Structure formats: C-alpha cells, structure tokens
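Please treat every number below as a calculation from the coordinates, not as lab data. Small disclaimer: the values here were computed from a predicted structure and weren't measured. Don't worry about glycine lacking a Cβ; one is built from the backbone with ideal geometry, like all the others, and counts go over all protein chains shown.
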Amino acid sequence: MVKVVHISEAASLAVHSMALIAGSKEMLNVNQIADLTHASRNHLAKVMQTLVKNNYLESVRGPKGGFTLKGDAAGITLLEIYELIEGTLEHKYCGIGDQKCPFRTCVFGGLADRFSREFTNYLRNTTLSQLI
C-alpha cells in the first residue's frame, strides 16, 4: 500500500524513543524500548546511538543501565529530532519542479505543499513535554 505521507522508521523510532524516555521515571534500555515500539533492536540501537552522539540522550552501560534525556523535555521539539535523523524538511513535494511544470496551477491543488507545511509546523510547535 502506498502512503501519502511517509515517515521513515528511523525518524519514527527517534521521536517515539525520546518521548518514552522523557516520560519515564526510570532509565529505559534498548530492549525495553524495542519491546514497547515493536522495533528491531539493532535498528533501534543505531537510532539511539545517533541521539546519544548528538547530545539528546545520555547512555549508561550495564545491567541497570539505559538512557536518560539530556536537557529539558520542554525545550526539545519534534522537528529537532526528526531533522537530526532525516535532514532538513523540504517544502516542495511535486515530482516536477516549479521551473519545469507545464501548468500554471498545481495539478494536485497544492495539497502536498500544504501537508508539508502543516507537518513541519506541528513538529516545530510540539515538544517532548507535550507528549508525556
């Protein structure tokens, strides 16, 4: 099945994991998060490594280890997390660029661009603290 809006598994795991960690009173480890998100442990571990490397999470090794949030959940937007994994969001999604399109108005009614702006605004205006 084709999706109109596609959010990569890595970006989804990053946002879900950060929200789970932000809302937990105890450290969560990769196995626990993988169980909660029904994700591949290996894929999740790579995502978590990126979040640690970019100072969003602190990692504690060992049997009682896990992840804790670095910083305040109210100061971390979903857009920061999303773009860390995916890169900067584009706001033009037509398969034919503006310079090449033979039509004066968008044949898709500008919906893809509008969806993109709304999605970006939601991510920009939503913090981890709002999810917990």
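Stretched out straight at 0.36 nm per residue, the stretch from residue 94 to residue 64 would grow longer than its current Cα-Cα span by 6.0 nm. Sparsely packed loop sites in region 1-109 (the trypsin sites (Lys or Arg not before Pro) outside DSSP H, G, I, E and B with at most 11 other Cβ atoms within 10 Å) comprise 3, 25, 61, 64, 92, 100, 104. In this structure, residue 131 and residue 106 have a Cβ-Cβ separation that, at R0 = 30 Å, corresponds to a calculated FRET efficiency of about 0.35.
If only the Cβ of Lys and Arg carry +1 and only the Cβ of Asp and Glu carry -1, the dipole of region 9-131 around its Cα centre is close to 120 debye.
Does region 48-110 classify as rounded, prolate or oblate by the C-alpha gyration tensor (a ≥ b ≥ c root eigenvalues; a/c under 1.5 gives rounded; else a/b over b/c gives prolate, otherwise oblate)? Intermediate results must be reported in sequence, preceding the final value.
On the way: a/c = 5.07, a/b = 3.54, b/c = 1.43.
Here region 48-110 falls in the prolate category.
Looking at the P(r) of region 9-131, how many percent of alpha-carbon pairs lie beyond 16 Å? List each step's numbers first, then the result.
Working: 4838 of 7503 pairs.
That tail contains 64 percent of the Cα-Cα pairs.
Annotation for residue 50 and residue 32: the two label points, set 7 Å from Cα along the Cα-Cβ direction, are 2.3 nm apart. DSSP loop GluC sites (Glu not before Pro) in region 43-93 with at most 11 other Cβ atoms within 10 Å of their Cβ, which ones? Here the GluC sites (Glu not before Pro) that fit, given the DSSP loop and packing criteria, are 90. Counting only DSSP H runs of at least 4 residues, each contributing -39500 (n - 2.57), and dividing by the residue count of the chain, the helix-based mean residue ellipticity at 222 nm comes to -14500 deg cm²/dmol. Straight Cα distances below 19 angstrom link residue 70 to the aspartates and glutamates 26, 58, 80, 83, with same-chain residues fewer than 8 positions distant left out.
Once C-alpha pairs closer than 8 Å and six or more residues apart are averaged by separation and normalised to the residue number of region 4-132, the relative contact order reads 31 percent.
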